[in-house]
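K.L.:
Questions regarding the structure given below will be posed in turn.
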Amino acid sequence: MLQISRSSPVYDVVIIGSGAGGGTVTKVLADLGISVALLEAGPQLNPAKDFKEHQWPYQVPHRGAGDGGAGYFGKSPWPFGYFAATNGNWQLEGEPYTVAPGSKFQWFRSRIVGGRTNHYGRISLRFADYDFTPYTRDGIGTDWPVSYDDIAPYYDKAEQFIGVTGSKEGIRSAPDGVFQPCPPPRVHEVLVQRACKKLNIPCIPSRLAVLTQDTNGRPACHYCAQCGRGCVSASNYSSSQVQVFPAMKTGRVTLITNAMARELIADATGKVTAVSYIEKATRTEKQLKCRSVVIACGACESARLLLNSKSNGHPNGLGNSSGMVGRNLTDSVGYSLSAHIPALEGLPRHNSDGMGGMHVYVPWWLWDSKNKDFPRGYHIEIGGGFGMPQIGTFRNACRRHEGYGQDLKDYIRNDYGTYVGLAGRGEQIPNESTFCEIDPEVVDQYGIPVLRFHFKWTEAELKQAQHMHDTFKAILETMGGKITNPRPAPVEGEGISIGGEIIHELGTIRMGSDPSMSVLNKYCQSHEVKNLFVADAAPFVSNPDKNPTLTITAMAWRTAEFLAEEMRKGNV
Amino acid sequence: MSDVSRRDVLRGIALSMIAGGGFSLEAAQVVHGIAAAEKAASSYKPKALTAHEFRTLQKLADYIIPADDRSPGAVEAGAAEFIDLLAGQMERLYSANFLTAKPDQQIAMLDLIAYRKNESRPLGPGIRFFDWARRMVVDAYYTSPIGIKEVGYMGNTSVAKFEVPQDAIDYAVKRSPA
């Protein structure tokens, strides 16, 4: 099937993956005058054509229910609905992964320029100082080889460049950054804030990668609440629109789309000399010669690439003599609860769209508490308001009310916008039973061996989810709410998210000071292969209760600057 | 039944329609035979329709909204049972069918099938079918310009500054215990 052609030029840097990490490295290197080739497994993105921003359901086929009403039968082709800006899914045709017996895991892959940043939630939270020293702090897990102070300047750069809302709060678990003003809380968010105040829980303005001031030629948000559909005006952050496209204008970026990386080729001295990839259109294998490579395919895909890059010098996969590639996989702990809030019935109608996400959130508030039965913590995300009616919006209202006619119509009108949902995102601690490896028996349509996942929540995560449940219930009931989705106790393993479901998988190529226990050094450079760098969330040593994207961006920025300096010195 | 025989029957029906003769006797017999052969393992016994009418109705429903690799079709959704039930109830109660029944008769029927609490062997298919019908009608209605206006959604527009009306905040805060 495959014919290998080796006629390409030698690139200074080949970057694999165009999401938050790859996009950032591309932008930083191009700005520093370095020419790069950027490989993306999916197609080019055309925001004007691909994004469904501002469309009404009645303007699209079947109101967005899918062909033959597929959405009615749980067979929607769109994991986050018709309108979402994804070119990805939990399963990709011809590109399987496997899950070991006894484990549950799902893996979201978005093959397109910009990857998952085209649709992600834009939540942008700095890790706290203590998040970098988990072992020192509570004796569990492993310390990072970098401190908050090492990363802080890059948080500053990232926030200034991509634009993040927020306010100075002085809360240790949620370090302040370089913020643009956050829009005011919506009505239901005011009620959540008042309930939190009563319960002595902080509820502060959101930190979202959404512009509220014109920045670097990108206009401020127009408050349509549709960040998840992709933003044609690039008023929120996506690596495609904010980094890759502008970087291409420098003339220093060669973008190669529909190119599925297969293997990194190393020479006898242990350096990467080329990237082997499948050109999907022709199903031929090609090679890009390079002086250095930055992999940023997403934590699991990056681990897969290294594990599949075997040679005599690297029998366990490239740079993997520690055996740590694929280990230490974690996702965020997810749990949610929602309630009907009678105080919101009959609320005077107004436009409550705002940014595409909450305007206030709850940072972790018990970081110095001894009075809890689980390690680490979580933050709380808040949903509610008058959303655009879509297929399924009133399904639960119909189930609750039943009947027909004027009564049903009145009920729906009164019920609309009266729900508040709380979602927790917490820290999972790496465990021995949670990792990914190459499945010895399965290959994808290109013949590339696939990943097999092992995943297990431990008592630490189950107890944390139980704490989320108790807290959410307290907040919602303080608001006068009636819980609408009661669930069995999370501590029994019910209601907690499935591994991978929160799409914060990371840790699979971790950094560290000890080469026998880690793959990368403190600049995300391979201990063994000096011209190999990793710029997604795979290097993360722990998975704190903060969404990883902002830290991916900051770390990638730092890695790119380090790489450029090493190139200047002739070390790479 | 094989695809070939299904295609043959369809072609036969089409040809006889084109010829202006309606169903040929032969085609009708084949359809009848297929319906009998494909009769679902379901133990449902039609109440108002004859067995033949019911199977024909099932067959028609299968042609109108077939099952495919994405989703079950109208047969699985109980369309034939629903229609049989409507016909049966109407006939039994009022000697009429749903469309020509008087409004109070139609409402009496709906009051039976619009609530899960009336679940019973004879009403079950009707209740489940009505649940689907209500869901789809509600979805269609509230995703239309008329429905969006009815429920009062005022967004999906560009605004220079996001503000929350003070009267809305006051309204909710006054009604809230916290």
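The values are calculated or read from the model by the stated rules, or taken from the named source; none is laboratory data. On a predicted model such as this, the values are computed, not experimentally measured, just so you know. Methodologically, a virtual Cβ is constructed for each residue, glycine included, from the backbone with ideal geometry; neighbour enumeration extends over all protein chains shown.
Matching residues to (1) crowded, with 23+ Cβ neighbours inside 10 Å; (2) part of a loop (DSSP other than H, G, I, E, B):
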site	(1), (2)
A:Ser103	no, yes
A:Thr117	yes, no
A:Asp131	yes, no
A:Arg137	no, no
A:Pro145	no, yes
A:Phe161	no, no
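K.L.:
Next question, about the same structure. Here is a list of conditions, (1) among the hydrophobic types (A, V, I, L, M, F, W, C); (2) surrounded by 18 or more Cβ atoms within 10 Å (Cβ to Cβ); (3) at pLDDT below 95, and A:Ile503 meets all of them except one; can you say which number that is?
P.N.:
Going through (1) among the hydrophobic types (A, V, I, L, M, F, W, C); (2) surrounded by 18 or more Cβ atoms within 10 Å (Cβ to Cβ); (3) at pLDDT below 95 one by one, A:Ile503 breaks only (3).
K.L.:
Further, regarding this structure: Could you look through the stretch A:352-368, keep only residues that are within 14 Å of chain B (Cβ to nearest Cβ) and not in a loop (DSSP other than H, G, I, E, B), and pick out the one that is surrounded by the most Cβ atoms within 10 Å (Cβ to Cβ)? Step through it out loud before you land on a result.
P.N.:
Residues of the stretch A:352-368 that are within 14 Å of chain B (Cβ to nearest Cβ), as a first pass: A:352-360.
Applying the additional criterion that residues be not in a loop (DSSP other than H, G, I, E, B) yields A:354, A:360.
Details: A:Gly354: 26, A:Val360: 23.
Ranking the candidates gives A:Gly354 first.
K.L.:
Select from the stretch A:401-430 the residues that are touching a residue at least 24 places away in the same chain (Cβ under 8 Å), over 30 Å from A:Pro539 (Cβ atoms) and either of a type outside the set (A, V, I, L, M, F, W, C) or assigned to a loop (DSSP other than H, G, I, E, B) (or both) and list them in ascending order. If you could, list the steps in order and put the result at the bottom.
P.N.:
Filtering the stretch A:401-430 down to residues touching a residue at least 24 places away in the same chain (Cβ under 8 Å) leaves A:414-430.
In the following step, the residues that additionally are over 30 Å from A:Pro539 (Cβ atoms) were identified as A:414-422.
If the condition is that a residue be touching a residue at least 24 places away in the same chain (Cβ under 8 Å), over 30 Å from A:Pro539 (Cβ atoms) and either of a type outside the set (A, V, I, L, M, F, W, C) or assigned to a loop (DSSP other than H, G, I, E, B) (or both), then A:Asn414, A:Asp415, A:Tyr416, A:Gly417, A:Thr418, A:Tyr419, A:Gly421 are the ones that fit.
K.L.:
Considering the stretch B:103-134 alone, what residues qualify as being modelled with pLDDT of 85 or more, more than 12 Å from chain A (Cβ to nearest Cβ) and not in a helix (DSSP H, G or I)?
P.N.:
B:Ser120
K.L.:
Could you list, in sequence order, the residues of the stretch A:479-519 that are hydroxyl-bearing (Ser, Thr, Tyr), more than 22 Å from A:Ile382 (Cα to Cα) and over 25 Å from the mean Cα position of the chain (by Cα)?
P.N.:
If the condition is that a residue be hydroxyl-bearing (Ser, Thr, Tyr), more than 22 Å from A:Ile382 (Cα to Cα) and over 25 Å from the mean Cα position of the chain (by Cα), then A:Ser513, A:Ser516 are the ones that fit.
K.L.:
Scan (1) of a type in the set (Val, Ile, Thr); (2) surrounded by fewer than 21 Cβ atoms within 10 Å (Cβ to Cβ); (3) within 14 Å of chain B (Cβ to nearest Cβ); (4) outside any loop (DSSP other than H, G, I, E, B) for the single condition A:Val192 breaks and write down its number.
P.N.:
(2)
K.L.:
May I pose another question? Looking at B:Asp139, is it closer than 30 Å to A:Leu476 by Cβ, in a helix (DSSP H, G or I), at the interface with chain A (Cβ under 7 Å from one of its Cβ atoms) and of a type in the set (Asp, Glu)?
P.N.:
yes
K.L.:
Let me ask something else about it. Could you check A:Tyr82 against (1) modelled with pLDDT of 95 or more; (2) of a type outside the set (A, V, I, L, M, F, W, C); (3) touching a helix residue (DSSP H, G or I) at 6+ places or on another chain (Cβ under 6 Å) and say which number it fails?
P.N.:
Status for A:Tyr82: all satisfied but (1).
K.L.:
Related question: What residue, among those in the stretch A:210-229 that are hydrophobic (A, V, I, L, M, F, W, C) and either surrounded by fewer than 21 Cβ atoms within 10 Å (Cβ to Cβ) or assigned to a loop (DSSP other than H, G, I, E, B) (or both), is farthest from the other protein chains (Cβ to nearest Cβ)? Spell out the reasoning first.
P.N.:
We begin by selecting, within the stretch A:210-229, every residue hydrophobic (A, V, I, L, M, F, W, C); these are A:210-211, A:220-221, A:224-225, A:227.
Those still in the list that are either surrounded by fewer than 21 Cβ atoms within 10 Å (Cβ to Cβ) or assigned to a loop (DSSP other than H, G, I, E, B) (or both) too: A:211, A:220-221, A:225.
Values: A:Leu211: 13, A:Ala220: 8, A:Cys221: 8, A:Ala225: 6 Å.
Step by step, filter the stretch A:210-229, then rank; the result is A:Leu211.
K.L.:
Inspect the stretch A:412-428 for any residue being within 12 Å of chain B (Cβ to nearest Cβ) and farther than 30 Å from B:Ile107 by Cβ and give the result as yes or no.
P.N.:
Yes, the stretch A:412-428 has at least one match.
K.L.:
Let me ask you something else. Go over the candidates A:Val275, A:Val293, A:Val244, A:Val232 one by one and state the one that is among the β-branched types (Val, Ile, Thr) and part of a loop (DSSP other than H, G, I, E, B).
P.N.:
Testing whether each residue is among the β-branched types (Val, Ile, Thr) and part of a loop (DSSP other than H, G, I, E, B) leaves just A:Val232.
K.L.:
Starting from residues that are in a helix (DSSP H, G or I) and of a type in the set (A, V, I, L, M), keep the ones in the stretch B:142-178 and report whichever is surrounded by the most Cβ atoms within 10 Å (Cβ to Cβ).
P.N.:
B:Ala172
K.L.:
Could you identify the single residue in A:Gln160, A:Gln180 that is away from chain B (no Cβ under 14 Å) and free of Cβ contacts under 8 Å to residues at least 40 places away in the same chain?
P.N.:
A:Gln160
K.L.:
Now a separate question. Considering only residues that are within 12 Å of another protein chain (Cβ to nearest Cβ) and among the aliphatic types (A, V, I, L, M), which ones fall in the stretch A:326-351?
P.N.:
Once the filter is applied, which keeps residues that are within 12 Å of another protein chain (Cβ to nearest Cβ) and among the aliphatic types (A, V, I, L, M), the stretch A:326-351 yields A:Ile341, A:Ala343, A:Leu344, A:Leu347.
K.L.:
Take the residues in the stretch A:371-402 that are facing chain B (nearest Cβ under 7 Å) and touching a Gly at 6+ places or on another chain (Cβ under 6 Å); name whichever of them is modelled with the lowest pLDDT.
P.N.:
Here the residue is A:Ile391.
K.L.:
Within the bounds of the stretch A:383-397, is there any residue that is touching a residue at least 24 places away in the same chain (Cβ under 8 Å), polar (S, T, N, Q) and farther than 19 Å from A:Pro486 by Cα? Spell out the reasoning first.
P.N.:
First, the residues of the stretch A:383-397 that are touching a residue at least 24 places away in the same chain (Cβ under 8 Å): A:383-392, A:396.
Of the ones still in play, those that are also polar (S, T, N, Q) are A:390, A:396.
Subsequent filtering for residues that are farther than 19 Å from A:Pro486 by Cα retains A:390.
Scanning the stretch A:383-397 turns up at least one residue that is touching a residue at least 24 places away in the same chain (Cβ under 8 Å), polar (S, T, N, Q) and farther than 19 Å from A:Pro486 by Cα.
K.L.:
Still on this structure: Output the qualifying pairs, or none if there are none: Cβ atoms under 9 angstrom, residues six or more apart or on different chains, first residue in the stretch A:265-281 and over 16 Å from A:Ser292 (Cα atoms), second residue of a type in the set (Asp, Glu).
P.N.:
Qualifying pairs under 9 Å: A:Ile278/A:Glu285; A:Glu279/A:Glu285.
K.L.:
A further question follows. If you go through the stretch A:463-478 one residue at a time, do you hit one that is within 25 Å of the chain's Cα centre (by Cα), farther than 18 Å from A:Ser336 by Cα and at pLDDT 95 or above?
P.N.:
The answer is no, given that none of the residues of the stretch A:463-478 is within 25 Å of the chain's Cα centre (by Cα), farther than 18 Å from A:Ser336 by Cα and at pLDDT 95 or above.
K.L.:
Return the residue satisfying two criteria in turn: it lies in the stretch A:1-52 and is part of a loop (DSSP other than H, G, I, E, B) and touching an Asp or Glu at 6+ places or on another chain (Cβ under 6 Å), and of such residues it is modelled with the lowest pLDDT.
P.N.:
Looking at the filtered set, the residue picked out is A:Leu2.
K.L.:
OK, next. Cβ-Cβ under 6 Å, sequence separation 6+ or interchain: first residue in the stretch A:473-500 and within 14 Å of chain B (Cβ to nearest Cβ), partner in a helix (DSSP H, G or I). Which pairs?
P.N.:
A:Ile475/A:Ala195; A:Thr478/A:Ala195; A:Thr478/A:Lys198; A:Met479/A:Leu191; A:Met479/A:Ala195; A:Gly480/A:Pro342; A:Gly480/A:Ala343
K.L.:
Now for a separate question. For the stretch A:82-96, check the following and say yes or no: at least one residue is within 30 Å of A:Thr393 (Cβ to Cβ), hydroxyl-bearing (Ser, Thr, Tyr), outside the structural domain of A:Glu561 (by TED's automatic domain parsing) and assigned to a loop (DSSP other than H, G, I, E, B).
P.N.:
Among the residues of the stretch A:82-96, at least one is within 30 Å of A:Thr393 (Cβ to Cβ), hydroxyl-bearing (Ser, Thr, Tyr), outside the structural domain of A:Glu561 (by TED's automatic domain parsing) and assigned to a loop (DSSP other than H, G, I, E, B), which makes the answer yes.
K.L.:
Could you list, in sequence order, the residues of the stretch B:142-170 that are within 7 Å of another protein chain (Cβ to nearest Cβ) and either of a type in the set (A, V, I, L, M) or at positive phi (or both)?
P.N.:
Selection gives B:Ile148, B:Val151, B:Gly152, B:Met154, B:Asn156, B:Val159, B:Val164, B:Ala168, B:Ile169.
K.L.:
Taking A:Pro101 as the residue in question, decide whether it is closer than 28 Å to A:Lys157 by Cα and out of contact with any strand residue (DSSP E or B) (no Cβ under 8 Å at 6 or more places or on another chain). Please lay out each step first, then the result.
P.N.:
Working: closer than 28 Å to A:Lys157 by Cα: no; out of contact with any strand residue (DSSP E or B) (no Cβ under 8 Å at 6 or more places or on another chain): yes.
No, not satisfied.
K.L.:
All but one of (1) within 14 Å of chain B (Cβ to nearest Cβ); (2) in contact with a Ser or Thr (Cβ under 6 Å, 6 or more places away or on another chain) hold for A:Glu93; state the number of the condition that does not hold.
P.N.:
(2)
K.L.:
Considering the stretch A:369-387 alone, what residues qualify as being touching a Ser or Thr at 6+ places or on another chain (Cβ under 9 Å), surrounded by fewer than 19 Cβ atoms within 10 Å (Cβ to Cβ) and not in a strand (DSSP E or B)?
P.N.:
Once the filter is applied, which keeps residues that are touching a Ser or Thr at 6+ places or on another chain (Cβ under 9 Å), surrounded by fewer than 19 Cβ atoms within 10 Å (Cβ to Cβ) and not in a strand (DSSP E or B), the stretch A:369-387 yields only A:Gly387.
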